[in-house]
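Here the structure comes first, spelled out in structure tokens, and everything after it is commentary.
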Amino acid sequence: MTLRPVLRRPLIVLALVVIWNVILVLSVFGPPPTPVLARAPQLWLPTPIGERWQITQGFQCGSHVGTQARSLDLVNLDGSTTGAPIRAAADGTTFVWQGSTGTLIIAHGHGYYTMYTHLQQVITTRRGLAVRQGEVIGRAGSVGTSMPHLHFTFFYAPDPGAYNRTSLELDFADGYSLRDKTGCNQHRGTVLVARAEPDTIPPEVHFQSDAEPGTWYCEDQRIDFTITDNRRVRGFSQTFNRDPGGDDPKFEGDTGYVQLSWEGDGMHTLYVRAWDHNNVQTLATFGPVGLDTTPPTFAAPSVTPTRTYPAGTPLNLSWNPADDGEGSGIAGYKIYLGTEREGTSDWFSEKPAVKVPGMAPGHYVLRAQAVDNACHASEWITLQEVIVTAEESASTPALPTSTPLAPTDTPLTPTITPLPPTDTPLASPSPTAEAEARGSTKGGTTQTEQP
């Protein structure tokens with residue numbers, strides 16, 4: 001498309017034309033086009049790619065006050081300013097052309113506009129022509145001024161005629177951020193170079209922390225991060241255990257940090273999504289890292305049970321497991337089996353059960369303490385009373401077991417068998433035999449005589 005030249009006019013005519021244009025903006029051009037963007041446009045430098053352009057007048061000084069306080073005056077250091085191609089800073093449509101000052105305003109939607117002033121040629125003088133970022137929209141000159149330069153402003157105006165303007169700080173995707181830090185002629189002397197191609201390299205997130213991924217901690221841990229980019233970082237969003245997502249960052253800047261305690265006990269992964277000024281994004285994670293600030297829950301039985309075992313018999317002891325909730329989990333149990341009611345020991349079992357060889361007869365207590373995978377332990381509690389009984393003696397013969405007879409109603413009748421008769425009379429003892437019988441009482445053994 002052929003750029004149209006701008007004709008100079010006497011100063012008095014210029015003043016009248018300016019007033020007339022302001023009055024007729026709405027009647028001639030109508031309201032701005034329907035916004036199509038959900039947020040402010042991403043700006044690129046409007047100067048030729050690869051050329052050095054210097055700021056000769058910056059923010060808040062000279063004619064850069066009021067609605068144009070954050071404007072820039074730019075001149076070419078690598079060639080002639082006059083006739084240099086000026087490009088659209090973002091996609092949009094032409095909104096207003098003011099020939100008296102060589103001013104073209106492009107609408108970008110939702111009340112955002114860019115203004116290019118002192119152009120000696122322009123792409124069109126009518127409203128509504130769609131232009132793309134980087135497209136040549138005019139050529140720099142000195143229309144309305146004595147020295148050739150480009151006057152550039154980015155502003156917001158909520159009303160349809162773009163009257164109530166507020167000039168905005170400038171962030172260029174080429175890698176330049178121009179902030180209003182108060183004072184006259186801010187950024188004067190700064191050299192800007194437009195880049196040839198859009199930025200496709202995402203930012204990088206670098207984490208720093210004393211915490212090690214995959215490890216549980218019983219004290220709060222801090223995770224810091226820094227974001228770098230080949231041009232400039234826009235901001236970031238952060239959250240635990242999920243991608244924060246979103247079209248825009250929640251925080252500006254390139255540094256941030258989190259504390260594990262913000263999320264509470266548990267194993268957590270930090271997600272950081274970073275944006276650069278071209279809205280190229282990256283998602284980085286750190287973790288998981290565990291925080292456990294509470295000891296396990298290990299409750300003693302309401303009534304301590306008693307278990308009895310014979311001496312010499314192995315003891316299979318078990319109990320209800322402890323619970324660590326959202327914490328690091330139960331690593332195991334310290335166990336005590338002895339006669340002391342408040343006894344403790346370093347005997348350790350990963351499971352809520354142990355097998356003990358046979359023990360001597362006695363009365364024992366089984367106690368335990370639950371230990372988690374961080375650094376916490378429960379109180380010692382008594383789990384069981386254990387009684388080991390004595391063994392029977394191996395030298396004592398077992399008594400026979402008697403089987404009683406079944407009862408009967410029939411009385412027992414004794415059977416008497418008489419001796420057979422004899423005709424031979426019993427002989428009387430001889431005197432000699434009788435004397436021998438009496439002599440047998442002598443010798444120290446006392447016997448009782450029968451009558």
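In region 191-214, what residues are modelled with pLDDT of 95 or more, assigned to a loop (DSSP other than H, G, I, E, B) and of a type in the set (S, T, N, Q)?
Residue satisfying the conditions is S209 alone.
Taking region 293-336 only, how many residues are of a type in the set (A, V, I, L, M), under 42 Å from the mean Cα position of the chain (by Cα) and not in a loop (DSSP other than H, G, I, E, B)? Walk me through it before giving the result.
Going through region 293-336, the residues of a type in the set (A, V, I, L, M) turn out to be 299-300, 303, 311, 315, 317, 322, 330-331, 335.
Narrowing the set further to residues that are under 42 Å from the mean Cα position of the chain (by Cα) leaves 299-300, 317, 322, 330-331, 335.
Remaining after also requiring not in a loop (DSSP other than H, G, I, E, B): 317, 330-331, 335.
Counting residues in region 293-336 that are of a type in the set (A, V, I, L, M), under 42 Å from the mean Cα position of the chain (by Cα) and not in a loop (DSSP other than H, G, I, E, B) gives 4.
Return the only residue of D229, D265, D248 being more than 30 Å from S328 (Cα to Cα) and surrounded by 13 or more Cβ atoms within 10 Å (Cβ to Cβ).
The unique qualifying residue is D229.
Determine which member of the set P357, P314, P310 is at pLDDT below 95, surrounded by fewer than 17 Cβ atoms within 10 Å (Cβ to Cβ) and in contact with a Lys or Arg (Cβ under 9 Å, 6 or more places away or on another chain).
On inspection, the qualifying residue turns out to be P314.
Can you run down the residue pairs with Cβ atoms below 9 Å, 6 or more apart or on separate chains, where the first is in region 157-179 and in the same structural domain as D229 (by TED's automatic domain parsing) and surrounded by fewer than 18 Cβ atoms within 10 Å (Cβ to Cβ) and the partner is modelled with pLDDT of 90 or more and in a strand (DSSP E or B)?
none
Looking at Y364, Y333 in this structure, which one is within 12 Å of E385 (Cα to Cα) and of a type in the set (F, W, Y)?
The match here is Y364.
Consider region 240-267. How many of its residues are in a strand (DSSP E or B) and touching a Gly at 6+ places or on another chain (Cβ under 9 Å)?
5
Give me the pairs, please: first residue somewhere in region 258-285 and without any contact (Cβ under 8 Å) to a residue 60 or more places away in the chain and assigned by TED's automatic domain parsing to the domain that holds P244, second residue anywhere and of a type in the set (K, R) and surrounded by 19 or more Cβ atoms within 10 Å (Cβ to Cβ), beta-carbon distance under 7 Å, and either six or more positions apart or on two chains.
L283/R273
Does P310 fit the bill of being over 30 Å from S261 (Cβ atoms) and touching a residue at least 12 places away in the same chain (Cβ under 8 Å)?
yes
Restricting to region 85-104, count the residues that are crowded, with 21+ Cβ neighbours inside 10 Å and without any contact (Cβ under 8 Å) to a residue 60 or more places away in the chain.
Residues in region 85-104 being crowded, with 21+ Cβ neighbours inside 10 Å and without any contact (Cβ under 8 Å) to a residue 60 or more places away in the chain: 7 in total.
Only one of (1) part of a strand (DSSP E or B); (2) touching a Pro at 6+ places or on another chain (Cβ under 7 Å); (3) among the small types (G, A, S) fails for A89. Which number is that?
(1)
Tell me yes or no: at least one residue of region 148-163 is charged (D, E, K, R), closer than 21 Å to A84 by Cβ and part of a loop (DSSP other than H, G, I, E, B).
no
Within the set of pairs 6+ apart or on separate chains, which have a first residue in region 43-60 that is within 22 Å of I105 (Cα to Cα) and assigned by TED's automatic domain parsing to the domain that holds R232, a second that is at pLDDT 95 or above and not in a strand (DSSP E or B), and C-beta atoms under 9 Å apart?
Close Cβ pairs (under 9 Å, with a partner that is at pLDDT 95 or above and not in a strand (DSSP E or B)) do not exist here.
Please determine, by comparing only the residues of region 220-239 that are touching a Ser or Thr at 6+ places or on another chain (Cβ under 8 Å) and assigned to a loop (DSSP other than H, G, I, E, B), which one is nearest to A274 (Cα to Cα).
It comes out as R232.
The values are calculated or read from the model by the stated rules, or taken from the named source; none is laboratory data. Note that this is a predicted model, so its numbers are computed, not measured. Glycine also receives a Cβ, built like all others from the backbone with ideal geometry; neighbour counts cover every protein chain displayed.
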